């Protein structure tokens, strides 16, 4: 290759560096167990279904995907478990209409695109209630990639917990099937603390998969407390809570999130541990 001594203006060099930083190659996938796939957890995987909730509410949602890869990409792992087999053509920008599908939307889904495809995929998950229409455009829900699961104690801080709301905790184990060198949390310990950090209630949750895990390896282990005040009367009179979650087996991985739903308007806030 010929070499030139022509000088490049400094402004041009800076612009080139800035563009390289802003555009750059896709971020590397987090295949922490080296199996060639990246696990992507979708909590509350509601995709067009209507799911009943408290006080006669009806909840629905949508899952969206953009495939920026120059090829068709499968997101359901090496085996097919649903119509469409979770295959999305290059450039697809729309709903998750080719699967995977679930009849257990609260349990969520674990997607498994190949690790070299995963950085090219963008997901969105939205949830809204249809009878009160307090948030008619919905709220965004977390989507969590391998490498971002929790492996130790986390705390959800300053959670509103007065009598006008219901506080729900949902916990997921994304490492059920296929088995991996990474340990998933089958049990977690949960503490509810007042604003000063004094423990008010404690419990343990066992994360289970509905049905046969071998038949639905895209289901995570799951457990939930849907209304903390109803489950633990000793929380009455507390307007703000901290919620601490840890795996019973140290280092076992999981994900958890808290939702706070207004009993009258059914508006929802999602509290995450960051």
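The values are calculated or read from the model by the stated rules, or taken from the named source; none is laboratory data. None of these values were measured; they are calculated from a predicted model. Don't worry about glycine lacking a Cβ; one is built from the backbone with ideal geometry, like all the others, and counts go over all protein chains shown.
When you go through (1) farther than 29 Å from residue 138 by Cβ; (2) more than 17 Å from the chain's Cα centre (by Cα) one by one for residue 184, which number turns out not to apply?
The failed condition is (2).
Somewhere in the range 26-38, is a residue farther than 30 Å from residue 168 by Cα and at pLDDT below 50?
yes
Any chance the range 201-210 includes a residue that's in contact with a helix residue (DSSP H, G or I) (Cβ under 9 Å, 6 or more places away or on another chain) and free of Cβ contacts under 8 Å to residues at least 60 places away in the same chain? Give the derivation first.
Taking the range 201-210 first, the residues in contact with a helix residue (DSSP H, G or I) (Cβ under 9 Å, 6 or more places away or on another chain) are 201, 203, 209-210.
If we keep only those that are free of Cβ contacts under 8 Å to residues at least 60 places away in the same chain too, we end up with 201, 203.
Checked against the condition, which is being in contact with a helix residue (DSSP H, G or I) (Cβ under 9 Å, 6 or more places away or on another chain) and free of Cβ contacts under 8 Å to residues at least 60 places away in the same chain, the range 201-210 yields at least one hit.
Picking from 12, 50, which residue would you name as being at pLDDT below 55 and farther than 28 Å from residue 178 by Cβ? Walk me through it before giving the result.
Working: 50 fails: at pLDDT below 55.
The conditions single out 12.
Only residues that are part of a loop (DSSP other than H, G, I, E, B) and buried (at least 19 other Cβ atoms within 10 Å of the Cβ): list them for the range 178-203, please.
Pass one, the range 178-203, residues part of a loop (DSSP other than H, G, I, E, B): 178-183, 185-186, 194-198.
Answer for the range 178-203, where residues must be part of a loop (DSSP other than H, G, I, E, B) and buried (at least 19 other Cβ atoms within 10 Å of the Cβ): 185, 186.
Please pick out the residue among 164, 237, 158, 197 that is farther than 26 Å from residue 35 by Cα and at pLDDT below 95.
237
Quick one: residue 161 ticks every box in (1) under 18 Å from the mean Cα position of the chain (by Cα); (2) within 23 Å of residue 228 (Cβ to Cβ); (3) surrounded by 15 or more Cβ atoms within 10 Å (Cβ to Cβ) bar one, so which box is it?
(1)
Here is a yes/no grid of residues against (1) at pLDDT 95 or above; (2) in a strand (DSSP E or B):
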residue	(1), (2)
152	yes, no
168	yes, yes
172	yes, yes
176	no, no
205	yes, yes
212	no, no
230	yes, no
245	yes, yes
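Inspect the range 117-125 for any residue being touching a helix residue (DSSP H, G or I) at 6+ places or on another chain (Cβ under 8 Å), part of a loop (DSSP other than H, G, I, E, B) and either closer than 23 Å to residue 252 by Cβ or in contact (Cβ under 8 Å) with a residue 40 or more places away in the chain (or both) and give the result as yes or no. Full working, then the answer.
Start the filter on the range 117-125 by keeping residues that are touching a helix residue (DSSP H, G or I) at 6+ places or on another chain (Cβ under 8 Å), which leaves none.
No, the range 117-125 contains no residue that is touching a helix residue (DSSP H, G or I) at 6+ places or on another chain (Cβ under 8 Å), part of a loop (DSSP other than H, G, I, E, B) and either closer than 23 Å to residue 252 by Cβ or in contact (Cβ under 8 Å) with a residue 40 or more places away in the chain (or both).
Of all residues in the range 219-274, which are on the phi > 0 side of the Ramachandran plot and surrounded by 21 or more Cβ atoms within 10 Å (Cβ to Cβ)? Show your work before the answer.
Looking only at the range 219-274, we keep the residues that are on the phi > 0 side of the Ramachandran plot, and these are 237, 251, 266.
Selection gives 266 alone.
Just to verify a result, which residue in the range 66-83, among those that are buried (at least 17 other Cβ atoms within 10 Å of the Cβ) and touching a strand residue (DSSP E or B) at 6+ places or on another chain (Cβ under 6 Å), is modelled with the lowest pLDDT? Reasoning before the result, please.
Step one: filter the range 66-83 for residues buried (at least 17 other Cβ atoms within 10 Å of the Cβ), giving 67, 69, 73-77, 81.
Cutting the leftovers down to touching a strand residue (DSSP E or B) at 6+ places or on another chain (Cβ under 6 Å) gives us 67, 73-75, 77.
Details: 67: 98, 73: 94, 74: 93, 75: 94, 77: 85.
The residue in question is 77.
Filter the range 232-243 down to residues that are closer than 20 Å to residue 188 by Cβ and assigned to a loop (DSSP other than H, G, I, E, B), then give me how many there are.
1
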